[in-house]
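Report on one structure; see the data block that follows.
The values are calculated or read from the model by the stated rules, or taken from the named source; none is laboratory data. None of these values were measured; they are calculated from a predicted model. As a convention, Cβ positions derive from the backbone with ideal geometry for all residues, glycine included, and neighbour counts pool all protein chains shown.
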Amino acid sequence: MKEMKFYGTPLPDVEQEPYTGKLIVIEGADGVGRSTHTALLRTWLESRGHAVLDTGMTRSVLAGRGIKEAKQGHTLGRLTMQLFYATDFADRLENEMLPALRAGFIVLTDRYIYSAIARAVVREADPSWVRAIYGIALVPDAVFYLNISSAEELVTRVLASGRGFDYWESGMDLYLGEDFYDSFVEYQTRMLREFERMKKEYGFRVLDASRSINRVAADLRRAVARVIDEGAIATQQQPAAGPKLRSVS
Amino acid sequence: MITYGHHRFPGKLFVVEGTDGSGKSTQLSLLYQWLKAEGYPVFFSEWNSSPLVKATTRRAKKRRLFTPTTFSLLHATDFADRTERDIFPPLKAGAIVLADRYIYTAFARDVARGCDRAWVRQIYSFAVRPTVSFFFRAPLDVAVDRILSARPRLKHYEAGLDMDWADDPEESFEIFQGKILGEYDRMVDEFGLTVIDATRSIEKQQREMRAIVKKHLNKEGAAPAR
């Protein structure tokens with residue numbers, strides 16, 4: 001059992017009883033392999049008999065669709081985007097993550113508040129403003145940061161993936177370069193700088209993501225196993241009931 | 001990011017606030033007609049009017065997906081879009097912007113719903129401080145009667161039924177409005193709201209409002225810088 005701890009002002013009306021699950025965050029830049037590793041971890045955890053909930057940005061029932069639609073147009077302002085993402089986060093936190101954690105699930109999240117903070121700060125938001133908003137966030141049991149040394153290395157991966165440069169991942173809304181490539185490099189360089197600053201502040205566990213997928217995955221499994229076992233020694237009890245998850249339609 | 005009280009725009013921003021049924025929208029539209037007739041460039045911005053957020057809000061209300069926190073954040077998103085689209089540009093261009101409900105509505109409603117006072121204020125710290133914020137103050141029973149006699153049925157969130165204060169919509173609405181009024185009252189000093197007695201005649205209130213607004217305008221159409 002673990003006490004709930006929040007970064008700042010906790011959510012109103014949320015019972016802050018201890019929980020038995022684990023909140024595990026996979027963070028890192030665009031194209032660094034977060035979703036691949038989240039998927040691998042999920043399969044592995046389930047094979048070990050753990051119930052897993054995985055979640056990520058824009059997957060909320062409340063705001064996911066609205067954000068995706070807003071990003072298709074050309075009228076989405078910076079402040080609006082950041083608050084829309086915060087709404088999405090809060091909905092997933094209250095209705096997916098917390099219930100699952102109380103029910104003893106391992107919650108795997110592809111990005112957490114750190115990506116949102118980095119994106120906002122790179123877009124000239126007041127760092128204390130965005131941190132105050134995300135003060136509602138639960139402090140995770142572990143944050144694994146997939147580290148990469150340069151934006152150029154991310155470029156190689158974007159090219160290898162075959163999907164090309166994305167408008168938002170290239171920070172095209174910031175007018176940083178002549179084209180998607182120039183803008184991508186500059187934007188991701190700034191993002192990496194922000195993540196670098198957050199490593200200590202938020203206690204990231206850093207993994208070298210420039211290695212092969214298999215080696216990174218093996219490291220992650222070992223580290224995640226340790227996080228889970230720490231809890232298992234302290235409490236040997238199993239949750240009685242499943243989580244009260246809202247059905248996704 | 002420029003925060004509340006630090007923007008320097010040549011335009012002027014006048015906002016109206018108050019509980020439901022206080023008559024503030026009527027007063028603002030009268031002000032709008034007058035300013036237009038006087039030849040000022042004037043823009044109008046309403047609460048909950050962002051085209052980007054509208055569909056999400058509508059769906060969330062219909063399916064009752066909101067918690068106090070997500071209700072607060074989605075309304076802040078809507079307000080951010082209004083700010084970036086309808087408020088910053090005309091103010092920069094030196095126009096007059098009239099806002100029907102502003103950040104104080106969120107402060108009153110969200111805190112009434114249990115959100116932390118300081119947290120809600122932080123979220124909205126990007127907002128422009130209005131030139132004048134009119135608070136149309138009507139006693140609770142007057143405002144509640146005006147709404148209940150005008151509406152066939154109160155809506156779920158409008159009545160505060162999400163908070164389980166009471167099963168009866170009208171009873172819940174009254175509790176909710178009472179809390180909101182309490183929050184407005186404490187904001188009068190905190191934000192220097194200009195209180196207008198909303199129990200007087202429409203004409204009297206409008207005269208008072210115009211006299212106050214006039215002091216902040218100049219003759220050239222575009223309002224002067226402070």
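Things worth noting here:
- Candidates are the residues of segment A:67-106 that are surrounded by fewer than 24 Cβ atoms within 10 Å (Cβ to Cβ) and charged (D, E, K, R); the one that is farthest from A:Leu53 (Cα to Cα) is A:Arg78.
- With respect to the stated conditions, B:Arg137 is among the basic types (Lys, Arg), in contact (Cβ under 8 Å) with a residue 60 or more places away in the chain, in contact with a strand residue (DSSP E or B) (Cβ under 9 Å, 6 or more places away or on another chain) and farther than 21 Å from B:Tyr40 by Cα.
- Cβ-Cβ distances below 6 Å connect the following pairs, each with a first residue in segment A:151-169 that is more than 17 Å from A:Ala209 (Cα to Cα), a second residue that is not in a helix (DSSP H, G or I), and a separation of six or more residues or different chains: A:Glu169/A:Asp30.
- Qualifying positions in segment B:94-151 - part of a strand (DSSP E or B) and under 22 Å from B:Ser49 (Cβ atoms): B:Ile96, B:Val97, B:Leu98, B:Ala99, B:Asp100, B:Val132, B:Ser133, B:Phe134, B:Phe135, B:Phe136
- Test: residue in segment B:47-62 that is away from chain A (no Cβ under 14 Å), free of Cβ contacts under 8 Å to residues at least 60 places away in the same chain, of a type in the set (A, V, I, L, M, F, W, C) and crowded, with 20+ Cβ neighbours inside 10 Å: no
- Per this entry, A:Arg131 is counted among residues that are over 26 Å from A:His37 (Cα atoms), crowded, with 19+ Cβ neighbours inside 10 Å and touching a residue at least 60 places away in the same chain (Cβ under 8 Å).
- Checking each residue in segment B:189-207 for being part of a helix (DSSP H, G or I) and under 18 Å from B:Ser29 (Cα atoms) picks out B:Ile202, B:Glu203, B:Lys204, B:Gln205, B:Gln206, B:Arg207.
- Hits in segment B:123-153 (condition: buried (at least 22 other Cβ atoms within 10 Å of the Cβ) and within 14 Å of another protein chain (Cβ to nearest Cβ)): B:Ile123, B:Tyr124, B:Phe126, B:Ala127, B:Val128
- Candidates are the residues of segment B:79-93 that are assigned to a helix (DSSP H, G or I) and in contact with a Pro (Cβ under 9 Å, 6 or more places away or on another chain); the one that is nearest to B:Trp119 (Cα to Cα) is B:Asp81.
- Condition check for A:Thr9: in a loop (DSSP other than H, G, I, E, B), facing chain B (nearest Cβ under 9 Å) and surrounded by fewer than 24 Cβ atoms within 10 Å (Cβ to Cβ): yes
- B:Thr19 vs. criteria closer than 21 Å to B:Gly192 by Cβ and buried (at least 24 other Cβ atoms within 10 Å of the Cβ): yes
- Options B:Ala99, B:Ala106: the member that is surrounded by 22 or more Cβ atoms within 10 Å (Cβ to Cβ), of a type in the set (A, V, I, L, M, F, W, C), within 15 Å of the chain's Cα centre (by Cα) and within 14 Å of chain A (Cβ to nearest Cβ): B:Ala106
- Per this entry, A:Tyr187 is counted among residues that are modelled with pLDDT of 95 or more, crowded, with 18+ Cβ neighbours inside 10 Å, of a type in the set (Ser, Thr, Tyr) and over 30 Å from B:Asp116 (Cα atoms).
- Evaluation of B:Ala93 against (1) more than 29 Å from B:His156 (Cα to Cα); (2) without any contact (Cβ under 8 Å) to a residue 12 or more places away in the chain; (3) of a type in the set (Gly, Ala, Ser) (one fails), failing number: (2)
- The set of residues in segment A:168-203 that are farther than 20 Å from A:Gly28 by Cα, part of a loop (DSSP other than H, G, I, E, B) and either under 22 Å from the mean Cα position of the chain (by Cα) or of a type in the set (Asp, Glu) (or both) comprises A:Glu178, A:Asp179.
- Residues that are touching a Lys or Arg at 6+ places or on another chain (Cβ under 9 Å) and not aliphatic (A, V, I, L, M), drawn from segment B:118-141: B:Pro130, B:Thr131, B:Phe134, B:Phe135, B:Phe136
- Scanning segment A:86-106 finds no residues that are β-branched (Val, Ile, Thr), in a loop (DSSP other than H, G, I, E, B) and at the interface with another protein chain (Cβ under 8 Å from one of its Cβ atoms).
- Residues of segment B:66-89 classified as among the aliphatic types (A, V, I, L, M), out of contact with any helix residue (DSSP H, G or I) (no Cβ under 7 Å at 6 or more places or on another chain) and at the interface with another protein chain (Cβ under 9 Å from one of its Cβ atoms), total: 0
- Filter result for the condition that a residue is facing another protein chain (nearest Cβ under 8 Å) and within 23 Å of B:Thr83 (Cβ to Cβ), over A:Ile133, A:Ile117: A:Ile133
- Residues of segment A:131-166 satisfying the condition of being assigned to a helix (DSSP H, G or I), closer than 30 Å to A:Leu101 by Cβ and hydrophobic (A, V, I, L, M, F, W, C): A:Ala132, A:Ile133, A:Ile136
Okay, residues lined up against (1) within 21 Å of A:Glu230 (Cβ to Cβ); (2) without any contact (Cβ under 8 Å) to a residue 12 or more places away in the chain:
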residue: A:Lys5; (1), (2): yes, no
residue: A:Gly8; (1), (2): no, no
residue: A:Pro12; (1), (2): no, yes
residue: A:Glu17; (1), (2): yes, no
residue: A:Lys22; (1), (2): yes, no
residue: A:Arg34; (1), (2): no, no
residue: A:Leu40; (1), (2): no, no
residue: A:Val52; (1), (2): yes, no
